[in-house]
1. Would a scan of the stretch 151-161 turn up a residue that is within 16 Å of the ligand (Cβ to nearest atom), more than 18 Å from GLU65 (Cβ to Cβ), of a type in the set (A, V, I, L, M, F, W, C) and within 16 Å of the chain's Cα centre (by Cα)?
2. Of the residues ASN166, ASN171, ASN192, which is touching a His at 6+ places or on another chain (Cβ under 9 Å) and at pLDDT below 95?
3. Only one of these is in a helix (DSSP H, G or I), buried (at least 19 other Cβ atoms within 10 Å of the Cβ) and either touching a helix residue (DSSP H, G or I) at 6+ places or on another chain (Cβ under 8 Å) or in contact (Cβ under 8 Å) with a residue 40 or more places away in the chain (or both): LEU7, LEU67. Name it.
4. Quick one: which of LEU144, LEU124 is within 15 Å of the ligand (Cβ to nearest atom), at pLDDT 95 or above and more than 30 Å from ARG38 (Cα to Cα)?
5. From the residues in the stretch 127-141 that are within 13 Å of HIS111 (Cβ to Cβ) and not small (Gly, Ala, Ser), which one is farthest from the ligand (Cβ to nearest atom)?
6. Out of the residues in the stretch 120-171 that are without any contact (Cβ under 8 Å) to a residue 40 or more places away in the chain and aliphatic (A, V, I, L, M), state the one that is farthest from GLY94 (Cα to Cα).
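The values are calculated or read from the model by the stated rules, or taken from the named source; none is laboratory data. Computed from a predicted model, the values in this text were never measured in an experiment. Counting neighbours? That spans all protein chains shown, and the Cβs are built from the backbone with ideal geometry, glycine included.
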Amino acid sequence: MQLQRRLRANGFRIRLDGRYGGSTVKAVRRAQRKLGLRVTGVATPALQRRLGVPAPIAAGSAVSEYLVTFPMPKSVEYRYFNDYFAPRSTGMHGATDILAPHGAPILSATHGTVMDLRRTDSGLGGLYVYIRDPGGTWYYYAHLSSIPRSLQPGDTVWPGRVIGRNGSSGNASYGAPHLHLEIMLGKRGGPNTNPFQHLVAVDPKPRSQTEI
Ligand SMILES: [Zn+2]
């Protein structure tokens, strides 16, 4: 209803019925077109911000443009916060770190293709997996402790497929085990976007448990 009210207040014709039905989808598409956003009919956090819809967003109730599922199972005791652009020895942190016990399953958060992976502990990322989704966005999962032998470059993955185990390889070796999740737009190493709000959007746990 808030979304519908804000759409109407911004001049888009819409029925105020509290249902995300055809009339709302049409108004959302018109708003996206007018605001120069990708026209999907899905009320993304970006659109809601532009329309002035009051934030947030209970855990798991929002829609992410990038993530389909959370990259760890609900049973794992994970914690994360908005550490995007926090200063690090290697520069600004263009990712979100999710702290979790060593060995926790790491799941693909999207559909996609495995573009690259490394099973040996070297470099900054240690053991890592790169996945590209059908829209061309790249996902970098780093500091893993292991990667299933069956996972190979070129493989198709889907939301929830196990792509590794949590760890502290690479330059995380002196810190707590965590997943470094980076979302790169357009190409590997391309400009990244803050994964935090996308993780919140697909997080299956209430916000209080994730200490955000
Ligand atoms: Zn990190």
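1. Among the residues of the stretch 151-161, not one is within 16 Å of the ligand (Cβ to nearest atom), more than 18 Å from GLU65 (Cβ to Cβ), of a type in the set (A, V, I, L, M, F, W, C) and within 16 Å of the chain's Cα centre (by Cα), which makes the answer no.
2. Within the list ASN166, ASN171, ASN192, the selection yields ASN171.
3. Just a single option satisfies the conditions, and that option is LEU7.
4. LEU144
5. So the residue we want is PRO134.
6. LEU151
Conditions tested, residue by residue: (1) outside any strand (DSSP E or B); (2) more than 16 Å from the ligand (Cβ to nearest atom); (3) β-branched (Val, Ile, Thr); (4) within 30 Å of VAL39 (Cα to Cα).
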| residue | (1), (2), (3), (4) |
| --- | --- |
| ILE106 | no, no, yes, no |
| PRO148 | yes, yes, no, no |
| ALA176 | yes, no, no, no |
| ILE183 | no, no, yes, yes |
| PRO204 | yes, yes, no, yes |
